[in-house]
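The values are calculated or read from the model by the stated rules, or taken from the named source; none is laboratory data. Being a predicted model, the structure only gives us computed values, none of them experimental. Note: ideal-geometry Cβ built from the backbone for every residue, glycine included; neighbour counts use all protein chains shown.
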Amino acid sequence: MRILVLDDRPLVARSLARTFRGCDAVHVTDPAEALILARSTHFDGLLVDLRMPAMHGRHFHEELHRTDPGVAAKVVFVTADPPDHDLPAPVVWKPMSPDQADRLVARWKRLG
């Protein structure tokens, strides 16, 4: 399973990627780079930080959905703060446990 992890903080991005045991998790810190990767490379799932200074996770999802709704359907947001509005994708909380990562992997497998 190939997963794209986007978080603006490098240590957090790396830590989140490591949580996905037995998966090929690619981590990036730049939303623009993540959009390019998500559009050009097959990923089974995308874990996207909700609050980033360069681009809010919701805007990342909207931009991805505009060009590729199938890929946008694989987005799950991750945050340490409660969201202040309804979101177009599920949310998991930081810090993320390996059990949470396993549940996400199972979810992405069901999505195909």
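Going by the conditions given, is A34 part of a helix (DSSP H, G or I), touching a strand residue (DSSP E or B) at 6+ places or on another chain (Cβ under 6 Å) and touching a residue at least 12 places away in the same chain (Cβ under 8 Å)? In short, yes.
When the residues of region 25-39 are filtered to those that are crowded, with 16+ Cβ neighbours inside 10 Å and of a type outside the set (A, V, I, L, M, F, W, C), which remaining residue is nearest to G57 (Cα to Cα)? Among those that are crowded, with 16+ Cβ neighbours inside 10 Å and of a type outside the set (A, V, I, L, M, F, W, C), it is P31. Assuming H42 fulfils every condition listed in (1) in a loop (DSSP other than H, G, I, E, B); (2) surrounded by 14 or more Cβ atoms within 10 Å (Cβ to Cβ); (3) modelled with pLDDT of 95 or more apart from one, which condition is it? It fails just one condition, (2). Has region 62-84 got at least one residue that is within 22 Å of A106 (Cβ to Cβ), aromatic (F, W, Y) and within 11 Å of the chain's Cα centre (by Cα)? There is at least one residue in region 62-84 that is within 22 Å of A106 (Cβ to Cβ), aromatic (F, W, Y) and within 11 Å of the chain's Cα centre (by Cα). The requirement of being among the basic types (K, R), without any contact (Cβ under 8 Å) to a residue 40 or more places away in the chain and surrounded by 13 or more Cβ atoms within 10 Å (Cβ to Cβ) is fulfilled nowhere in region 80-97; no residue meets it. R18 falls short of the stated requirement of being of a type in the set (K, R) and in contact (Cβ under 8 Å) with a residue 24 or more places away in the chain. If I filter region 77-88 down to residues being out of contact with any His (no Cβ under 6 Å at 6 or more places or on another chain) and in a loop (DSSP other than H, G, I, E, B), which single residue comes out as nearest to D8 (Cα to Cα)? My answer is A80.
Of all the listed residues (A101, A80), the sole one being modelled with pLDDT under 95, in contact with a Phe, Trp or Tyr (Cβ under 8 Å, 6 or more places away or on another chain) and among the hydrophobic types (A, V, I, L, M, F, W, C) is A80.
Residues that are in contact with a strand residue (DSSP E or B) (Cβ under 7 Å, 6 or more places away or on another chain), basic (K, R) and in a helix (DSSP H, G or I) within region 45-76 are absent altogether. Inspection of region 9-27 finds a residue satisfying the criterion of being modelled with pLDDT of 95 or more, in contact with a Ser or Thr (Cβ under 8 Å, 6 or more places away or on another chain), in a helix (DSSP H, G or I) and of a type in the set (V, I, T).
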